[in-house]
Amino acid sequence: MTLAALIFDVDGTLAETEEAHRRAFNQVFAARGLDWHWTVEDYRRLLQTTGGKERMAAFRAERGGEGPDDAATADLHREKTARYAAILAEGGLAARPGVGPLIRAARRAGMRLAVATTTSPANVEALCRCLWRRAATEMFDVIAAGDEVAAKKPAPDVYLLALGRLRVAPSACVAVEDSRNGVLAARRAGLPVVATPSIYSAGEDMSDAAIVLPDLSSLTLKRAAALLPA
Ligand code: XBP
Ligand code: MG
């Protein structure tokens, strides 16, 4: 099989974004006078629930249902997205090692590039502007996002959406992920996965990945292609 496309997760894979997300959540909680504050330990646990709105609902459930209802949560999340973009616009966030060279090598080889993410297209845009001063659509041929599908990771939906938009078979693609939920989502969509644990996912079970790398600096296209079914 020839490697036709790479599908990247965003948060934790392209860059260590979760601290910016956590800051944005805490800013909006404080601004709205909510007595919620997520520590690093809280956030590590809460990240097991993918999606920001769902994560807030999970926290509310931990507190016996006390807190904003679903409509208020959606409103808080809109403000969180705006605050996240503002935090990224401050600068200071870099792509994880190897990400830029891998994307450039794939482009040179004529491969297609996609993202399959739990976060929103707005946040993908903010991140591409921050990392590369480029629009997300200049960097990626396809963007598949969490709210476009019925079920978020670890369900395969967002990967299936990305594959459909790429019009590429899973047997010709490799996924790049940082978390167990992401690895499971890609595997359930039939993709071989390169896992590269991030700050928050370090220590998670990545045994469903084809390979686990500390970062992407050693991932050549040849090495990725070798993961495809014969
Ligand atoms: C990351 C997430 C996202 C972000 C926040 O998952 O779960 O929810 O933490 O994004 P993955 P939103 O990297 O597996 O896609 O608040 O925009 O949902
Ligand atoms: Mg991730």
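Can you find even one residue in the stretch 194-212 that is touching a helix residue (DSSP H, G or I) at 6+ places or on another chain (Cβ under 6 Å), without any contact (Cβ under 8 Å) to a residue 24 or more places away in the chain and either within 22 Å of Arg104 (Cα to Cα) or buried (at least 18 other Cβ atoms within 10 Å of the Cβ) (or both)? There is at least one residue in the stretch 194-212 that is touching a helix residue (DSSP H, G or I) at 6+ places or on another chain (Cβ under 6 Å), without any contact (Cβ under 8 Å) to a residue 24 or more places away in the chain and either within 22 Å of Arg104 (Cα to Cα) or buried (at least 18 other Cβ atoms within 10 Å of the Cβ) (or both). Taking each residue of the stretch 167-181 that is without any contact (Cβ under 8 Å) to a residue 60 or more places away in the chain and within 16 Å of ligand 1 (Cβ to nearest atom) and looking for partners that are in a loop (DSSP other than H, G, I, E, B) and open to solvent by 30 Å² or more (accessible area, probe 1.4 Å) with beta-carbon atoms closer than 6 Å, six or more apart or interchain, yields Arg180/Glu204; Arg180/Asp205. Could you tell me whether the stretch 112-123 includes any residue that is among the hydrophobic types (A, V, I, L, M, F, W, C), closer than 28 Å to Leu213 by Cβ and either open to solvent by 70 Å² or more (accessible area, probe 1.4 Å) or part of a helix (DSSP H, G or I) (or both)? No, there is no match, as no residue in the stretch 112-123 is among the hydrophobic types (A, V, I, L, M, F, W, C), closer than 28 Å to Leu213 by Cβ and either open to solvent by 70 Å² or more (accessible area, probe 1.4 Å) or part of a helix (DSSP H, G or I) (or both). Which members of the stretch 52-78 meet the condition of being in contact (Cβ under 8 Å) with a residue 24 or more places away in the chain, at negative phi and away from ligand 2 (no atom under 16 Å from the Cβ)? Passing the criteria: Lys53, Met56, Pro68, Leu76, His77.
Residues in the stretch 182-192 that are of a type outside the set (Gly, Ala, Ser), crowded, with 21+ Cβ neighbours inside 10 Å and within 12 Å of ligand 1 (Cβ to nearest atom): Val183 alone. Which one of these is in contact with a helix residue (DSSP H, G or I) (Cβ under 9 Å, 6 or more places away or on another chain), free of Cβ contacts under 8 Å to residues at least 24 places away in the same chain and of a type in the set (Val, Ile, Thr): Thr49, Thr81? After applying the criteria, what remains is Thr49.
The number of residues in the stretch 143-157 being of a type in the set (Val, Ile, Thr) and farther than 15 Å from Leu14 by Cβ comes to 1.
Criterion first (open to solvent by less than 50 Å² (accessible area, probe 1.4 Å) and either out of contact with any helix residue (DSSP H, G or I) (no Cβ under 6 Å at 6 or more places or on another chain) or over 18 Å from Thr17 (Cβ atoms) (or both)) does Pro154 satisfy it?
Values: open to solvent by less than 50 Å² (accessible area, probe 1.4 Å): yes; either out of contact with any helix residue (DSSP H, G or I) (no Cβ under 6 Å at 6 or more places or on another chain) or over 18 Å from Thr17 (Cβ atoms) (or both): yes.
Against the criterion (open to solvent by less than 50 Å² (accessible area, probe 1.4 Å) and either out of contact with any helix residue (DSSP H, G or I) (no Cβ under 6 Å at 6 or more places or on another chain) or over 18 Å from Thr17 (Cβ atoms) (or both)), Pro154 qualifies.
Residue count for the stretch 57-99, restricted to those that are more than 18 Å from Glu18 (Cβ to Cβ), open to solvent by 30 Å² or more (accessible area, probe 1.4 Å) and not small (Gly, Ala, Ser): 9. Scanning the stretch 126-141 finds no residues that are surrounded by fewer than 24 Cβ atoms within 10 Å (Cβ to Cβ), within 13 Å of ligand 1 (Cβ to nearest atom) and closer than 15 Å to Thr13 by Cβ.
Phe8 meets the conditions (1) among the aromatic types (Phe, Trp, Tyr); (2) touching a residue at least 24 places away in the same chain (Cβ under 8 Å); (3) more than 16 Å from ligand 2 (Cβ to nearest atom) in every case but one. The failed one is (3).
The values are calculated or read from the model by the stated rules, or taken from the named source; none is laboratory data. None of the values given here were measured: they were computed from a predicted structure. Neighbour counts run over all protein chains shown; Cβ positions are idealised from the backbone, glycine included. Quick note on the areas: whole protein, heavy atoms, side chains included, nothing else; ligands and nucleic acids left out. Shrake-Rupley method; radii C 1.70, N 1.55, O 1.52, S 1.80 Å.
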